[in-house]
Amino acid sequence: MNKSQGKVLVATLCGLIVTAAAAFAVQPAMAAGYQVDNLAQVTGVAHWDKLNVRKWPASYSQQVGALAPGAHVWVERCIEVQNSSDWCLVARSHTKGWVNARYLTPAHDWDI
């Protein structure tokens, strides 16, 4: 094998590793889920803190926003993650992402 072929082989292997890592990172989003389509309120967060909104349903995922305690959000759906907390896809204004379900309490129109 010449030097050029070796570089192609290394680049191909690196591509496979990156693809496998990306598939692993997205795996939580493929967990069993259930539709919610309802309002919820952020609860269980200290008054001085914020609830992180994540790109994917995992605590290590990139943060895309934050919600204040008491904020109302639209919950699109939630997923069950085995041996972990459920995660819910929420939206509020221009923020959309995943939050840990334990910090959400169902709300009704009259709670807003």
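Can you find a residue in segment 74-92 that is at pLDDT 95 or above and over 23 Å from HIS108 (Cβ atoms)?
Looking for residues that are at pLDDT 95 or above and over 23 Å from HIS108 (Cβ atoms), one finds none in segment 74-92, hence no.
In segment 86-103, how many are in contact with a helix residue (DSSP H, G or I) (Cβ under 7 Å, 6 or more places away or on another chain) and open to solvent by 30 Å² or more (accessible area, probe 1.4 Å)?
Within segment 86-103, residues that are in contact with a helix residue (DSSP H, G or I) (Cβ under 7 Å, 6 or more places away or on another chain) and open to solvent by 30 Å² or more (accessible area, probe 1.4 Å) number 1.
Just for strands (runs of 3 or more DSSP E) wholly inside segment 57-112: which have at least 3 residues that are within 14 Å of THR43 (Cβ to Cβ) and touching a residue at least 24 places away in the same chain (Cβ under 8 Å)?
Qualifying strands (runs of 3 or more DSSP E): 72-79, 104-106.
Would you point out the residue of segment 31-85, among those that are charged (D, E, K, R) and either touching a Phe, Trp or Tyr at 6+ places or on another chain (Cβ under 9 Å) or surrounded by 17 or more Cβ atoms within 10 Å (Cβ to Cβ) (or both), that is nearest to VAL99 (Cα to Cα)?
Here the residue is ARG54.
The values are calculated or read from the model by the stated rules, or taken from the named source; none is laboratory data. Quick caveat: nothing in here was measured; it's all calculated off a predicted structure. Heads up, the Cβs are rebuilt from the backbone with ideal geometry, glycines too, and the neighbour counts pull from every protein chain shown. Only protein heavy atoms, including side chains, enter the accessible area calculation; ligands, DNA and RNA are left aside. Shrake-Rupley method; radii C 1.70, N 1.55, O 1.52, S 1.80 Å.
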